[in-house]
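Have a look at the structure below, then the notes.
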Amino acid sequence: MNHLYRLIYASRPAVPTSPGVIQALMESARRHNGLNGITGFLAYTPEAFVQALEGPAYALTACLGRLFQDPRHNHLQLMSYGPIDARTFPDWGMGCAALQQRHTLLLQRYCSAGRMTADAMTPAGALMLLEELSAEVMLKIPAGELALSA
Ligand SMILES: Cc1cc2nc3c(=O)[nH]c(=O)nc-3n(C[C@H](O)[C@H](O)[C@H](O)COP(=O)(O)O)c2cc1C
């Protein structure tokens, strides 16, 4: 029996995606996720959040309930939800990356019209985008410090 699930959603920030806001989000996300066996990765721009969460089905459902009620974003669109064999983001209590100018090629590859929205991406494309960003962030973290960042 498979108890591990992944969900991917996209939403629109309702607050400025400033470093302080993102840090507060990540602190709360990592606290909850650590307690609930959830790992994942979040990408953001001033216009969009895209997030993958992986973990037990009951924990993901509870988290999705909290996400829907969170006033820091709106227009939440669930892009995919289903069982998985293994985690894609096992090392991240919740990793995150801002999409920047240098990521134009990634946007072109995985999003139509270069927009990181639910309508402009397939779930598989969103997952690959998050995977590539996760690998990029991982490379920048000195060995031994990952536990502090994840
Ligand atoms: C873009 C975004 C990503 C979030 N990611 C997570 C997450 O990975 N895990 C989680 O438990 N809460 C996450 N949250 C926060 C929840 O929506 C909710 O605010 C939080 O769980 C409430 O807990 P607290 O009041 O104890 O901080 C996220 C919120 C936003 C806006």
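The values are calculated or read from the model by the stated rules, or taken from the named source; none is laboratory data. Being a predicted model, the structure only gives us computed values, none of them experimental. So basically every Cβ, Gly included, is an ideal-geometry build from the backbone, and we count neighbours across all protein chains shown.
Before moving on, here are some points about what is shown:
- Scan of the range 40-54 for residues that are surrounded by fewer than 22 Cβ atoms within 10 Å (Cβ to Cβ) and more than 9 Å from the chain's Cα centre (by Cα), ordered by number: T45, P46, E47
- Per-region count, the range 55-71, residues touching a Phe, Trp or Tyr at 6+ places or on another chain (Cβ under 6 Å) and either farther than 22 Å from G125 by Cα or surrounded by fewer than 19 Cβ atoms within 10 Å (Cβ to Cβ) (or both): 1
- When the test is whether a residue is more than 8 Å from the ligand (Cβ to nearest atom), within 14 Å of G93 (Cα to Cα), of a type in the set (A, V, I, L, M) and modelled with pLDDT of 95 or more, L53 does not pass it.
- Among the candidates R115, R72, the residue that is within 17 Å of A10 (Cβ to Cβ) and either modelled with pLDDT of 90 or more or of a type in the set (S, T, N, Q) (or both) is uniquely R72.
- Look at (1) within 18 Å of R31 (Cβ to Cβ); (2) outside any loop (DSSP other than H, G, I, E, B) and you find that D91 fails only one, number (2).
- When L107 is tested against (1) touching a helix residue (DSSP H, G or I) at 6+ places or on another chain (Cβ under 7 Å); (2) without any contact (Cβ under 8 Å) to a residue 60 or more places away in the chain; (3) part of a strand (DSSP E or B), exactly one condition is not met: (3).
- Residue check, R87 under 21 Å from A135 (Cβ atoms), more than 13 Å from the ligand (Cβ to nearest atom), surrounded by fewer than 18 Cβ atoms within 10 Å (Cβ to Cβ) and of a type in the set (K, R): yes
- The set of residues in the range 14-66 being closer than 14 Å to L99 by Cα, out of contact with any Leu (no Cβ under 6 Å at 6 or more places or on another chain), outside any loop (DSSP other than H, G, I, E, B) and not aromatic (F, W, Y) consists of P19, I22, L42, V50.
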